[in-house]
Amino acid sequence: MKKSIRVFAPATVANVVCGYDVLGFAVNEPGDEVIMRLTDKPGVSLLKITGDEGRLPLDPEKNTVSAIAKQYLEHIGQPDAGIEIELYKKMPIGSGLGSSSASTVAGLYAINALFDNPLSSKDLVPFAMKGEELACGYGHADNVAPALLGGFVLIRSYSPLDIISLPFPADLHAAIVYPEVDVPTKDARQMIRSKVFLKDAVTQWGNVGGLISGLFMSDYGLIGRSMTDILVEPTRSILIPDFDKLRVLAMEAGAIGFGISGSGPSVFALTRDAETAKNITNKLQAHLNKIAINSLAFVSDVNKKGPIILD
Ligand code: HSE
């Protein structure tokens with residue numbers, strides 16, 4: 001055995017309410033860890049997965065981390081390299097926090113580092129998108145791009161891929177609450193109407209433009225009033241217990257804006273500071289507790305680094 005590396009990759013809040021499939025940002029917690037080793041035995045092996053309650057495939061062809069590592073090796077002209085992988089899930093699966101993305105991104109970042117970084121983080125995005133395709137049937141980038149690049153990201157175009165890192169106010173924080181009900185992304189995507197009215201599209205792209213302008217100008221009022229989604233949220237929010245009440249509680253407690261994280265069931269609020277974010281998570285968790293739903297909560301500023309090498 002020659003070389004080993006342990007990498008953490010962050011969870012992400014995709015869509016950011018109005019930007020279905022085109023906006024996302026990374027947070028500092030939760031996230032997943034991958035240990036990857038170069039070995040003399042050719043082929044990619046997945047040695048173990050912890051924290052998944054047995055829900056993820058150990059078959060290296062089916063697991064996103066190993067399957068994408070294999071594609072990466074073929075791409076860099078090392079199809080016979082020997083790789084061993086251990087995946088440590090440290091975040092809930094099917095939570096709307098980019099769980100599959102965090103694992104795939106940790107794996108890609110690790111394998112790229114083991115081969116002395118022949119590809120840039122941006123070059124890794126298309127590989128990570130293939131992981132999303134394997135996990136949920138569609139290769140969207142609004143989780144994997146911020147997980148790889150850190151920060152707030154816009155997918156301006158999928159074909160050709162055009163990824164823009166956006167500025168954001170330094171004190172922006174996210175309050176995230178995961179109500180422990182399972183909403184697989186695949187199912188949550190199938191619920192959405194594939195056709196929209198032009199007048200609704202006008203409203204939606206006005207809000208996307210408003211949110212991005214608000215981020216550029218650090219205008220919290222503009223960010224907040226742009227966090228409106230008339231296309232996707234009305235359908236998906238049905239799957240989230242007491243969604244409307246959670247919004248009222250978050251806004252009353254000082255949120256700038258509130259919505260579904262990714263495909264749910266996690267919800268998130270943006271705030272100007274950690275204290276308000278903490279207060280919001282307390283209020284939302286207390287309400288969920290009252291209606292007998294367990295939950296997890298996270299408070300974070302926007303993660304600026306993306307994946308990090310732990311050792
Ligand atoms: N944009 C994706 C969706 C994110 O909403 O389905 C999945 O977390």
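Key figures for this structure:
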| quantity | calculated |
| --- | --- |
| Residues located in region 18-56, provided they are polar (S, T, N, Q) and closer than 18 Å to ILE111 by Cα | THR39, SER45 |
| Filter result for LEU124 (open to solvent by less than 10 Å² (accessible area, probe 1.4 Å) and more than 16 Å from the ligand (Cβ to nearest atom)) | yes |
| Residue match in region 145-159 (condition: among the aromatic types (Phe, Trp, Tyr) and touching a strand residue (DSSP E or B) at 6+ places or on another chain (Cβ under 6 Å)) | yes |
| Wholly enclosed helices (runs of 4 or more DSSP H) of region 218-311 bearing at least 3 residues surrounded by 16 or more Cβ atoms within 10 Å (Cβ to Cβ) | 220-226, 243-252, 274-290 |
| Qualifying residue in region 107-121 (condition: within 16 Å of the ligand (Cβ to nearest atom) and within 24 Å of LEU296 (Cβ to Cβ)) | no |
| All positions within region 108-126 that are within 23 Å of the chain's Cα centre (by Cα) and among the acidic types (Asp, Glu) | ASP123 |
| Condition check for ASN207: open to solvent by 70 Å² or more (accessible area, probe 1.4 Å) and either within 27 Å of ALA106 (Cα to Cα) or part of a helix (DSSP H, G or I) (or both) | no |
| One residue from SER218, SER263 being more than 16 Å from the ligand (Cβ to nearest atom) and touching a residue at least 40 places away in the same chain (Cβ under 8 Å) | SER218 |
| Some residue of region 90-103 being in the same structural domain as GLY131 (by TED's automatic domain parsing), more than 16 Å from the ligand (Cβ to nearest atom) and without any contact (Cβ under 8 Å) to a residue 40 or more places away in the chain | no |
| Filter result for GLY19 (within 16 Å of the ligand (Cβ to nearest atom) and within 19 Å of the chain's Cα centre (by Cα)) | yes |
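The values are calculated or read from the model by the stated rules, or taken from the named source; none is laboratory data. Every value quoted in this text rests on a predicted model; they were computed, and no experiment measured them. Note: ideal-geometry Cβ built from the backbone for every residue, glycine included; neighbour counts use all protein chains shown. What goes into the accessible areas is simple: the full protein's heavy atoms, side chains included, and nothing from ligands, DNA or RNA. Shrake-Rupley method; radii C 1.70, N 1.55, O 1.52, S 1.80 Å.
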